[in-house]
Amino acid sequence: MAVFAAVHILFLMLLLPDIMAARVYGDVDLYRQWAFLGRSEGVWQGIDVPWVYPIGAMLPMLAAGIFGYKLYMFGWFFLCTLLNALALLMLKGSRRLRYGWQAAYLWVLLIAILGPLVFSRVDGISAPLVVVGLVLASERPALASALLSLATWIKVWPAAVILALVLASKARMQVLLAGIAVSASMIGCVLAGGGAQNLLGFIKAQGERGMQLEAPFTTPGLWQAVLGLGTRVHANTEIVTMEIKGSLSDFVGTLMNPLLCLSLALVSLLIVAGVKRGADRRELLVVGALALVSAMVVFNKVGSPQFMIWLVAVTCVGVAVYGRLWAVPAMAMLVIAIFTTLVYPILYVQLYAALNPGVALLLTVRNALVFTLFCWALLKLVGIIRVDSGADPSRSGVAIRH
């Protein structure tokens, strides 16, 4: 806990000038506007107007306002710290996690490296919830599903972890009912507020976006722009992102959703095959979750840097359960985190404004490692199925039970 405290105190000191001046950092500026627009004027994002996030994202945004408008950045930082601490305690406190202490240190280290994103994006709220949900999945599948469903209504990506849990868990009905209950409450709030037309507005908002500069499949287009071969960097001022325009970028953008669906279907089939052949359900859950989440990063035309936080959450749980057997994703995540922070926010202007080839190379290596992580998880799933194909199916209920 001393290392955890030191990291969070350091970031608090770095944020202190903004906090004392009633300023905010990063996307927290938008969160404060949205929260207080609802509180003061009764205009709620996702209900009264279309929104880029699911309605559950308003919960942490409102919670961060507990100290008032001027101290909103402190409120957001405090909320992130509490959730990070909860994830840490779950990693090192569960008796079912043989390598929990090692995973706890990895969690703190990766938080420290990705701090500018962890403390300024809503992904920093959803990630610790996913850690807690995955740790609880073995003994409390219904509670795990409820937490993961809540995280999904904050930021969509934990839906991939829920899918892995539904497919791998023997307590599938409990998982489904808990998820339905949480989702019904969220949908009910939107409908009660008269926002039925905006309930799924976040899906439409994502679908209308172009190929973002940092997305893995944008890498060839980025190098075309660096070399002056037909593409350019375009600022999407409406959603404050940098995108690649020209050449084949629009065509590549149209391929992302079909490729994502195919990759998710492939991983799902592998998990189902593993269950049918008697493979260890817990291993199917954790490896399957990494495969599904990494697919959502690889085959995504958005590719925001905070997406790396998704991978951190699942990787830390994998390390907690399997230790050195997860050395490849652990080391990959360490490099991914370092390169991500170097690119954004440290060298980002050099990337989009100057098209610096050195920064482009950093991003290229980072994206290659993310793709490697996906391939590792995919091959690991295949290996699990082959090794356990002759196992006794009755033992598959040990890890995830009623």
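Roughly how many Å² is the accessible area per residue of the chain, as a whole number, for a 1.4 Å probe? Before the final figure, lay out each step's value.
Working: 16750 Å² over 402 residues.
Averaged over the residues of the chain, the accessible area is 42 Å².
Which value, in debye to the nearest 20, gives the size of the charge dipole of the chain about its Cα centre, when Lys and Arg are +1 and Asp and Glu are -1 at the Cβ?
Charge dipole, the chain, about its Cα centre: 1100 debye, nearest 20.
How much of the accessible area of the chain, in percent, comes from carbon and sulfur atoms when a 1.4 Å probe is used? If you can, show how the numbers build up before the last one.
Working: 11470 of 16750 Å².
Solvent-exposed carbon and sulfur of the chain make up 68 percent of the total.
May I ask for the net charge around Ala146, where only other residues with Cβ less than 15 Å from the Cβ of Ala146 are counted and Lys, Arg are +1 while Asp, Glu are -1?
+1
If you plug each phi of region 51-58 into the Karplus form 6.51 cos²θ - 1.76 cosθ + 1.60 with θ = phi - 60°, what whole-Hz ³J(HN,Hα) values come out, in order, with x for Gly and Pro?
Along region 51-58, the couplings run 9, 7, 10, x, 4, x, 5, 5 Hz.
Rounded, prolate or oblate: which one fits region 163-309, using the alpha carbon gyration tensor with axes a ≥ b ≥ c (rounded when a/c is under 1.5, else prolate when a/b beats b/c, else oblate)?
oblate
Put +1 on the Cβ of every Lys and Arg and -1 on every Asp and Glu Cβ in region 240-327; which of Gly246, Gly303, Ala320 then has its Cα farthest towards the positive end of the dipole?
Ala320
What is the packing order of peptides 77-84, 177-184, taking the mean over residues of other C-beta atoms within 10 Å and listing the highest first?
Numbers: 77-84: 20.2, 177-184: 16.2.
Most protected by this proxy first, the peptides run 77-84, 177-184.
Could I have the simple spin-label model distance between Asn356 and Met331, label points 7 Å from Cα toward Cβ, reported in nm to one decimal?
The two pseudo-label positions are separated by 2.8 nm.
Hey, got the dipole for region 23-147? About the Cα centre, +1 on K and R Cβ, -1 on D and E Cβ, debye to the nearest 20?
About 500 debye.
With a Förster radius of 25 Å, plug the Cβ-Cβ distance of Met1 and Arg98 into 1/(1 + (r/R0)^6) and report the FRET value to the nearest 0.05. Walk me through the intermediate numbers first.
On the way: r = 20 Å, r/R0 = 0.81.
Between Met1 and Arg98 the formula returns 0.80.
For the chain, return all DSSP H helices satisfying: extent of Cα atoms along own axis at least 15 Å; mean Kyte-Doolittle hydropathy at least -1.0. Don't jump to the answer; show the numbers that get you there.
On the way: long enough: 2-20 (25 Å, 2.26); 28-41 (19 Å, -0.46); 72-93 (31 Å, 1.54); 100-113 (20 Å, 1.64); 123-136 (20 Å, 1.99); 141-152 (16 Å, 1.54); 172-192 (29 Å, 1.72); 249-276 (40 Å, 1.65); 281-298 (25 Å, 1.66); 308-322 (21 Å, 2.27); 327-341 (21 Å, 2.13); 357-387 (44 Å, 1.70).
Result, helices passing both filters: 2-20, 28-41, 72-93, 100-113, 123-136, 141-152, 172-192, 249-276, 281-298, 308-322, 327-341, 357-387.
Please report the projected area of region 250-390's Cα convex hull averaged over all directions, in nm². All intermediate terms of the calculation are to be shown ahead of the outcome.
On the way: hull surface 35.0 nm².
Reported value for the Cα convex hull: 8.8 nm².
What number, rounded to the nearest 500 deg cm²/dmol, is the helix-based mean residue ellipticity at 222 nm of the chain, given -39500 (n - 2.57) per DSSP H run of at least four residues and division by all its residues? Please list the in-between numbers first.
Details: 18 runs with 263 residues, N = 402.
Per the formula, -21500 deg cm²/dmol.
Considering Cα pairs under 8 angstrom that are at least six residues apart, work out the relative contact order of region 133-268 and quote it in whole percent.
Relative contact order here is 16 percent.
My understanding is that a pair violates if its Cα-Cα distance is over 31 Å; which of Lys170/Lys380; Lys204/Lys245; Lys204/Lys380; Lys92/Lys170; Lys70/Lys245; Lys155/Lys380 do that in this structure?
Over 31 Å Cα-Cα: Lys204/Lys380; Lys70/Lys245.
Tell me, what is the percent relative contact order of the chain, built from C-alpha pairs under 8 Å that lie six or more residues apart?
20
Take the alpha carbon atoms of region 351-372, find their center, do the same for region 213-242, and report the distance between the two centers in whole angstrom.
For region 351-372 versus region 213-242, the Cα centre distance is 11 Å.
Please label the shape of the chain as rounded, prolate or oblate, based on the square roots a ≥ b ≥ c of the eigenvalues of the alpha-carbon gyration tensor (a/c under 1.5 means rounded; beyond that, a/b larger than b/c means prolate, else oblate).
Verdict is rounded for the chain.
Please work out whether region 207-260 counts as rounded, prolate or oblate from its C-alpha gyration tensor, where a ≥ b ≥ c are the square roots of the eigenvalues and a/c under 1.5 means rounded, while otherwise a/b larger than b/c means prolate and anything else oblate?
oblate
With both bridge residues required to lie in the chain, what share of the DSSP beta bridges run antiparallel, to the nearest 5%?
90
The values are calculated or read from the model by the stated rules, or taken from the named source; none is laboratory data. Treat the numbers as computed from the prediction; the structure is a model and nothing was measured. Neighbour counts are summed over all protein chains in view; Cβ atoms, including those assigned to glycine, are modelled from backbone coordinates with ideal geometry. When the accessible area is computed, the model is the full protein with side chains, heavy atoms only, and any ligands, DNA or RNA have been set aside. Shrake-Rupley method; radii C 1.70, N 1.55, O 1.52, S 1.80 Å.
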